[in-house]
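**Student:** Here it is, the structure, as structure tokens.
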Amino acid sequence: MDPDAAAGDAWAARHVVRTSGARPLWTELRREITERRLRIVTRLRAHVTWLARRQELLQRMPSERIVSEVAITKQGDDRAHAEIAQAIAELNALVRHHNLVVTATSLHLPIAAFEGLLEIARTPRR
């Protein structure tokens, strides 16, 4: 049974689209956005774990090494923040593109913020 029996002359086009696996641009954008957001949250989780380990290390470290190790930790933290900020900017560019393509505002995606993604990363996984 053809679900497009009432489609009239457009039945062939709908049949080709349905059977070819073609998807609208916005669904591909949404998939890419979801994957990127997951990669950013995973990166943030790894960074939060690294910072916690560095803090533990600094508490057990001899006092003569603390200043240099704090500087190393700060450099690593700054580098990670820059990488993550760049990834978030790229993600938000995709979100803006998605929101331009999708005309229904109810389907628009929110812009990602560092703090919001960090909060997700700090939430224990179930």
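**Student:** Lys/Arg Cβ at +1, Asp/Glu Cβ at -1, dipole of the chain taken about the Cα centre: which of Ser68, Ile120, Val48 is farthest positive-ward?
**Tutor:** About the Cα centre, the residue reaching furthest to the positive side is Ser68.
**Student:** Normalized C-alpha radius of gyration of the chain, against 2.2 N^0.38 Å? Can you show the working numbers first?
**Tutor:** Details: Rg = 23.0 Å, N = 126, 2.2 N^0.38 = 13.8 Å.
Relative to the 2.2 N^0.38 Å estimate, the chain comes out at 1.66.
**Student:** Which percent of the accessible heavy-atom area of the chain goes to carbon and sulfur, probe 1.4 angstrom? If you can, show how the numbers build up before the last one.
**Tutor:** On the way: 5330 of 9070 Å².
Within the chain, the accessible surface is 59 percent carbon and sulfur.
**Student:** In the neighborhood of Ala121, defined by Cβ-to-Cβ distances under 13 Å, what is the net charge if each Lys or Arg adds +1 and each Asp or Glu adds -1?
**Tutor:** Details: positive: Arg37, Arg39, Arg43, Arg45, Arg122, Arg125; negative: Glu115, Glu119.
With Lys, Arg at +1 and Asp, Glu at -1, the neighbours total +4.
**Student:** Further question: To the nearest 0.05, how large is the calculated FRET efficiency for Arg60 and His81 if R₀ is 22 Å and r is the Cβ-Cβ distance?
**Tutor:** Numbers: r = 25 Å, r/R0 = 1.15.
With R0 = 22 Å, the Cβ-Cβ based efficiency is 0.30.
**Student:** Please list 3J(HN,Hα) in residue order for segment 101-108, calculated via the Karplus relation 6.51 cos²θ - 1.76 cosθ + 1.60 where θ = phi - 60°; whole Hz, with x for glycine and proline.
**Tutor:** 6, 8, 7, 6, 5, 5, 9, 5
**Student:** Oh, and also: In deg cm²/dmol, rounded to 500, what helix-only [θ] at 222 nm does the chain give when every DSSP H run of at least 4 residues adds -39500 (n - 2.57) and the total is split over its residues?
**Tutor:** On the way: 4 runs with 94 residues, N = 126.
Mean residue ellipticity, 222 nm, calculated: -26000 deg cm²/dmol.
**Student:** Mind checking the log10 I(q)/I(0) for segment 69-126 at q = 0.14, 0.25 Å⁻¹? Debye, one equal scatterer per Cα, no solvent, two decimals.
**Tutor:** Normalising to I(0) and taking log10 leaves -0.55, -1.00.
**Student:** Rounded to the nearest whole Å², what accessible area per residue is found for the chain with the 1.4 Å probe?
**Tutor:** Numbers: 9070 Å² over 126 residues.
Ligands and nucleic acids excluded, the figure is 72 Å² per residue.
**Student:** How far is it, in nm, from the label point at Ala71 to the one at Trp50 when both lie 7 Å from their Cα along the line to the Cβ?
**Tutor:** Output for this residue pair reads 1.9 nm.
**Student:** What is the calculated FRET efficiency for Glu35 to Ala12, with r their C-beta to C-beta distance and R₀ = 30 Å, to the nearest 0.05? Write out the running numbers ahead of the final one.
**Tutor:** On the way: r = 34 Å, r/R0 = 1.12.
Between Glu35 and Ala12 the formula returns 0.35.
**Student:** On to the next question. Does anyone have the angle between helix 25-60 and the longest principal axis of the chain? Alpha-carbon axes, 0 to 90°, nearest 10?
**Tutor:** Tilt of helix 25-60: around 10 degrees.
The values are calculated or read from the model by the stated rules, or taken from the named source; none is laboratory data. Since we're looking at a predicted model, the values are computed, not measured. In this analysis, Cβ positions are derived from the backbone assuming ideal geometry, glycine residues included, and neighbour counts consider all displayed protein chains. The protein model used for the area step is the full one, side chains on, heavy atoms only, and it has no ligands, DNA or RNA in it. Shrake-Rupley method; radii C 1.70, N 1.55, O 1.52, S 1.80 Å.
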